[in-house]
Amino acid sequence: MKGFTHFMAGVMAASCFPGAVAAAASGNPLYFILGGMFGILPDTLDFKFYRFFVKHDMEVIPDPDKADPQMIADAVAYAINRAALSGRPVRIRLNTIPAGADCWRQYTVRLDVARRRVGVRYGPLVDTGQNPMPGPGSDMEESFAKVTCPVSLDYEATVNVDIFEGPLFTMRPGAGGAVCPEFIGWHRQWSHGLLAMFLLALAGAALFGSLAGLVICAAYGAHILADQLGFMGSNLLFPFTRRRTNGFGLLHSSSGVANAVTVWFSCLLVFWNLYKPLVVPGLDFTLPQLLLFVGLLPVMIFWWLDRQARKDGPG
């Protein structure tokens, strides 16, 4: 999920505690601040701090003036084979291809598990928002490179490389000689574990009281739960394991619809938790009614309109 989505989920988690609502009503916003802050903290730790301490063994830098998907496929396959032979993880960074101001050449890396090969295909020009741009596309065929060992997946088999610095894969040897290409393997490790959640909750309780500890635990847990709904998952049992627990695969963390729906329902729950203690003349409804008529119904209408627009196409 996006950062703002996690922030709102953390605020929603804080609003579920009557003591936090009462404190805010009396002028003390501490618990809502803690909810938002710790709702977004796991990703902040990863992307603002931890990522800069992770080193890589190989780096692929495509030539922006000469398309060479075979070189990229060969490098990824070599990293997998090297990990299998050495029995040690191999980290490879795939750099993006800048093609101008706010313009990038997208390429796709595909892990063909059944045929034990890596495929790379050049794609369209995209802007920083990953939207296709007008301009020459790529009519090059997909290039392949063979791998010498079984490949297991902990993420999707196809990854687009397009904007900013590009992803880092950790080719990690596993059982039976298989190698698992972990997509941005440094992400959702210790920072997304249950141990970090409980330690931070205990620290918050020691500093601000037990209610603060509960709010921190709930907000941090909301972040982990939301991430677990996707494909990548999190390393819930760090440091007892070094592997992420696979996500449920129900949605993509980058999906605009999934993020918007999560934020909307978080706002509705915040409203409900603030509304409950009040007696407002003329306003008498239940939580199921609120979630159904103000939550689910608008979402279904939006989904239907979006589907019709996609079906009709441009114009």
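The values are calculated or read from the model by the stated rules, or taken from the named source; none is laboratory data. This is a predicted model, so every value here is computed, not measured. We place every Cβ from the backbone using ideal geometry, glycine too, and count neighbours over all the protein chains shown. Just the protein is used for accessible areas: all its heavy atoms, side chains included, with ligands, DNA and RNA removed. Shrake-Rupley method; radii C 1.70, N 1.55, O 1.52, S 1.80 Å.
Can you tell me which residues in the stretch 147-161 are modelled with pLDDT of 95 or more, crowded, with 19+ Cβ neighbours inside 10 Å and assigned to a loop (DSSP other than H, G, I, E, B)?
Once the filter is applied, which keeps residues that are modelled with pLDDT of 95 or more, crowded, with 19+ Cβ neighbours inside 10 Å and assigned to a loop (DSSP other than H, G, I, E, B), the stretch 147-161 yields only Val147.
Do we have Asp102 as acidic (Asp, Glu), over 22 Å from His252 (Cβ atoms), touching a Ser or Thr at 6+ places or on another chain (Cβ under 6 Å) and open to solvent by 10 Å² or more (accessible area, probe 1.4 Å) here?
yes
Can you tell me how many residues within the stretch 162-172 are open to solvent by 10 Å² or more (accessible area, probe 1.4 Å), over 17 Å from Asn246 (Cβ atoms) and touching a Pro at 6+ places or on another chain (Cβ under 8 Å)?
Matching residues across the stretch 162-172 total 0.
Checking Phe144 against (1) out of contact with any strand residue (DSSP E or B) (no Cβ under 6 Å at 6 or more places or on another chain); (2) open to solvent by 60 Å² or more (accessible area, probe 1.4 Å); (3) on the phi < 0 side of the Ramachandran plot; (4) of a type outside the set (D, E, K, R), only one condition comes out false. Which one?
Phe144 satisfies every listed condition except (1).
Can you pull out the strands (runs of 3 or more DSSP E) entirely within the stretch 90-130 that have at least 1 residues that are out of contact with any Leu (no Cβ under 7 Å at 6 or more places or on another chain) and within 21 Å of Tyr155 (Cα to Cα)?
The strands (runs of 3 or more DSSP E) meeting that bar are 90-94, 103-112, 117-126.
Determine whether the stretch 99-109 contains at least one residue that is within 27 Å of Val179 (Cβ to Cβ) and basic (Lys, Arg).
No, every residue in the stretch 99-109 fails to be within 27 Å of Val179 (Cβ to Cβ) and basic (Lys, Arg).
Pull up the stretch 113-141, narrow it to residues that are acidic (Asp, Glu) and out of contact with any Lys or Arg (no Cβ under 8 Å at 6 or more places or on another chain), then point me to the one that is least open to solvent (accessible area, probe 1.4 Å).
For the stretch 113-141, the residue satisfying everything is Asp127.
Confirm whether Pro42 is in contact with a strand residue (DSSP E or B) (Cβ under 9 Å, 6 or more places away or on another chain) and within 30 Å of Gly221 (Cβ to Cβ).
Answer is yes for this residue.
Kindly state which helices (runs of 4 or more DSSP H) lie completely within the stretch 1-49 and contain at least 1 residues that are at pLDDT 95 or above and among the aromatic types (Phe, Trp, Tyr).
3-15, 30-48
Yes/no matrix, rows are residues, columns are (1) on the phi > 0 side of the Ramachandran plot; (2) open to solvent by 70 Å² or more (accessible area, probe 1.4 Å):
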{"residue": "Gly27", "(1), (2)": "yes, no"}
{"residue": "Phe38", "(1), (2)": "no, no"}
{"residue": "Thr44", "(1), (2)": "no, no"}
{"residue": "Phe53", "(1), (2)": "no, yes"}
{"residue": "Asn81", "(1), (2)": "no, no"}
{"residue": "Ala84", "(1), (2)": "no, no"}
{"residue": "Leu94", "(1), (2)": "no, no"}
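Report yes if Ala73 is in a loop (DSSP other than H, G, I, E, B) and touching a Phe, Trp or Tyr at 6+ places or on another chain (Cβ under 9 Å), otherwise no.
Considered against the rule, which asks whether it is in a loop (DSSP other than H, G, I, E, B) and touching a Phe, Trp or Tyr at 6+ places or on another chain (Cβ under 9 Å), Ala73 comes out as no.
Residue by residue through the stretch 1-45, note down the ones that are more than 22 Å from Val257 (Cα to Cα) and β-branched (Val, Ile, Thr).
Val21, Ile33, Thr44
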